[in-house]
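Step one of this worksheet: look at the structure below.
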Amino acid sequence: MNALFAANALLPEGWAKDVLMGWDTQGRLTQVQAGAARPEGVAQAAGPLLPGLPNLHSHAFQRGMAGLTEYRAEAEDSFWSWRELMYRFALRLTPAQLEGIAFGLYVEMLEAGFTSVCEFHYVHHDTDGRPYADDAELARALMRAAQRAGIGLTLLPVLYQTSGFGGTAPSPGQRRFIRRTDSMLRLLDTLRPDCDAQGARLGLAPHSLRAVPPEALREVLEGLRAQDATAPIHIHIAEQVKEVADCIAWSGQRPVAWLLDHAPVDARWCLVHATHMDADEYRRAAATGAVAGLCPTTEANLGDGIFDLPQWTSGRGTWGVGSDSHACVDAAEELQMLEYGQRLLRRQRNVATTAAQPQVATAMWGEAVHGGAQASGRALAGLAPGQQADFVVLDPAHPVLAGLDAPAMLSAHVFAAGRQRPIDSVWVAGRLRVQGGRHAQQAQAAAGFVQARRQLLTD
């Protein structure tokens, strides 16, 4: 048995002292005992130990264009003008470049406190829109990148068929994304053995209501249920005000309301963004058990708007965070941005607490772990027997944290560390992936990322 002792650890029920953890050869926790003595020969964590945070929404290739769209290109730039630039970038990408960017990104994620990722993968085909000889080539590039980095993976191939509500034909810029429903189901069949062999979870992502017509949504959900009735399902929904207006014009309903009336939404689902809901949608969606997939730094970067977290949690809604377009790659900063958005929206402080936990950072970290695990479809729900041994150790000697107790260290990590990342080590499935704040393959990953981006920008 592998083991680690921590003077302070954040367990599902809250902070505990003198915690002894053990895990098996598969990286699954078999023992989590508080108030324990440290056995001879068992290593001790350098600082407070946190459960690893799942990143529930990622478009890996977009890390390669982060920072490159921050200039005025239209009289009024928006998500929609940014999207055209993203399409141009996606049209250039080769499988090798995608793997290089994703490997660099996944190493970054680990160093930033994310221990697993849900990859919302929609660039499927060659640059001319035709399938590769191996139809799963780009998906396999992402899987290799995750395996090389040592990050946990939930792979979510994306069904994308139309450019707007009512079956509008796709644009030329979307040609690499388009799949028929039967083609998507065959792709899932192809990928499932590889995901199982890698320990990855395979799910499905109908891209959005504007990109998947009702009949295709019904058919793909039926096909998925026949293959794996427990598979996670993620969908972009109600991200933009224009999207809501277009959905009403098409169907007479708002997007979340339409989805709830026409699809079997339950705890398998992750509603990504869900930014623009009315009170009835908040209430109904929370009651399904679905996870709200919040991406605060991307939603700020794209000008999406602000999700009303208290309205969601008042209905006992579950939530988690992702880094989406990767304008920022930092688990703590996503939580900080989420809380600060609520403060700006409500003109209050310390909004995202719970009845049981008045410490904002502690409450948010625990909620994000729980929601992220559910959205991942994997056993990642914190430091408890039966869950995967994914954890993050804070650096107690870092100037921002030094001299504080464990809850205050986590608070300082989320709200006071900025981009300094006071993380000592990161473990995934009981294997040490980051030590002294640095991934063992950091230099190699960074060089591959830079090379791939340089090629893309040159070509």
Original post:
Taking Cα atoms of segment 277-377, Rg/Rh with Kirkwood Rh, to two decimals?
Top reply: 0.93
**OP:** First select every other residue whose beta carbon is under 13 angstrom from the beta carbon of D459; then total the charges, Lys and Arg +1, Asp and Glu -1.
**Re:** +4
Original post:
To two decimal places, what compactness ratio does segment 196-309 give when its Cα radius of gyration is scaled by 2.2 N^0.38 Å?
Top reply: 1.07
Subject >> Ellipsoid semi-axes in whole angstrom, largest first, where each is sqrt(5λ) of the Cα gyration tensor of the chain >> reply: 34, 25, 22
**OP:** Using DSSP, restrict attention to beta bridges with both residues in the chain and report what percent are antiparallel, rounded to the nearest 5.
**Re:** 50 percent
Subject >> Cα-Cα P(r), segment 133-284, percent of pairs per 10 Å interval >> reply: 10, 39, 34, 15, 2
Subject >> Sum of -39500 (n - 2.57) over DSSP H runs of 4+, divided by residues of the chain (222 nm, nearest 500) >> reply: -12000 deg cm²/dmol
**OP:** In square nanometres and to one decimal, what's the mean projected area of the convex hull around the Cα atoms of segment 308-347?
**Re:** 3.1 nm²
**OP:** Arrange T298, T288, T275, T230 by Cβ neighbour counts within 10 Å, fewest through most, would you?
**Re:** T230, T288, T275, T298
Original post:
Expressed as a fraction of 2.2 N^0.38 Å, the rule-of-thumb size for a compact globular protein of N residues, what is the C-alpha radius of gyration of segment 368-409?
Top reply: 1.50
**OP:** List C270, C195 from most exposed to least, where exposure is judged by having the fewest other Cβ atoms within 10 Å.
**Re:** C195, C270
Subject >> Charge dipole magnitude, Cβ of K and R +1, D and E -1 - segment 317-459, Cα centre, debye nearest 20 >> reply: 180 debye
Original post:
For segment 213-279 and segment 390-459, what is the separation of their C-alpha centers, rounded to whole Å?
Top reply: 35 Å
**OP:** Take the eigenvalues of the Cα gyration tensor for segment 327-459, scale each by 5, and report the square roots as semi-axes in whole Å, largest first.
**Re:** 27, 20, 18
Subject >> Computed magnitude of the charge dipole of the chain (debye, nearest 20; Cβ of K, R +1, Cβ of D, E -1) >> reply: 320 debye
Subject >> Residue-span extension gain [R316 to E222] - 0.36 nm each, minus C-alpha spacing >> reply: 31.0 nm
Subject >> Cα extents of segment 87-183 along the three principal axes, largest first (Å) >> reply: 42, 26, 26
Original post:
Which of R347, R433, R180 comes first, and how do the rest follow, when ranked by fewest Cβ neighbours within 10 Å?
Top reply: R347, R180, R433
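Every number here is computed from the coordinates shown, using simple stated rules; none is lab data. Because the structure is a prediction, the values reported are computed rather than measured. As a convention, Cβ positions derive from the backbone with ideal geometry for all residues, glycine included, and neighbour counts pool all protein chains shown.
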